[in-house]
Amino acid sequence: MLKTSAENGNVFDPRNEECGEMDMTNEQYYDLIRPYEDARRLLETRLEILNHSLYGSRAVCGPIHNMQNRIKAKKSIEDKLRRLGQRDSVSNARDYLQDIAGIRVICYFVDDIYNVAAGLKRQSDLVLVKERDYIATPKPNGYRSYHIVMGAPVYCLDAMEYFPVEVQFRTMSMDFWASMEHRICYKKNPENRERLEQEFLTYAAVLKEIEEKFEEYRERRENGWPPEEAD
Ligand code: 0O2
């Protein structure tokens, strides 16, 4: 497992002069995110390859419907570090944040999610840093998604370092729910919060039911998965 300095117990204390951390300039931000972009591109390529190879060449369709990616904006990095009680310095961003680079993978079916994630986890040059299965255990508000943080190797001239990339796997219905909830409730304080929370829980249950209905229309597995043994 990769260990951050936070996990090693080096918590920043604003009163501690010895920390000597500097706030982040724009230039430092762009230098900070460069290797995260490299790591994100590497993982996205691996995901694309899994999409067209995982179910074999005769498969009707790959497991992935679409992918989105983002690099955390400077302000979001600063806000998150402050929420964590840390100064917004480059070294703190590297030590405390594992979601500077993010990829969201939208799959057709729930087992597509687990198949693609397993394919990624099997790749021996990647390191699994963190795993959260909110499909097996949804959050109390109804949020469902499967999150992994993978460490991807980024090579410079004579050195290699792992950079974390957060990959969120969702089905289309999970993504629909989460996007609306993110817009309306998540980390916000809307009027009628309690009523909205109840309504979103109901929507989560309805969408899960629809998702399960769609499973019935799935092509039979013999159409490409698991791939046939070669003669
Ligand atoms: P944003 O605005 O999407 O970037 P942490 O990553 O440290 O904040 P944790 O618990 O380690 O928190 O990570 P977790 O639970 O895996 O959640 C990380 C991300 O998942 C969030 O990023 C959201 O994108 C998404 N997420 C988690 N819970 C919810 C939820 O209840 N509703 C919605 N809509 N999205 C959720 P950020 O940085 O919090 O937010």
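None of the figures in this text is laboratory data; all of them are computed from the coordinates on show. Model, not experiment: these values are computed from the prediction.
Below is a table of values for the structure above.
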quantity	calculated
Other-chain or far-sequence residues with amide H under 5 Å of residue 162's (modelled H)	154
Stokes-Einstein diffusion coefficient of the range 141-196, Kirkwood radius over Cα pairs, 37 °C, 0.692 mPa s, in µm²/s	234 µm²/s
Extension gain (nm, one decimal) between residue 197 and residue 118, 0.36 nm per residue minus Cα-Cα	25.2 nm
³J(HN,Hα), Karplus 6.51/-1.76/1.60, whole Hz, each residue of the range 188-204, x for Gly, Pro	10, 10, x, 5, 6, 3, 4, 5, 4, 4, 4, 5, 5, 5, 4, 4, 4
³J(HN,Hα), Karplus 6.51/-1.76/1.60, whole Hz, each residue of the range 94-104, x for Gly, Pro	5, 7, 9, 10, 10, 10, 5, 9, x, 10, 10
Long-range HN-HN contacts of residue 128 with modeled amide H, under 5 Å	151
Cα-Cα over 26 Å, subset of 121/213; 187/208; 72/187; 74/139	121/213; 74/139
Residues whose placed amide H lies under 5 Å from that of residue 65, excluding near-sequence neighbours	106, 107, 108
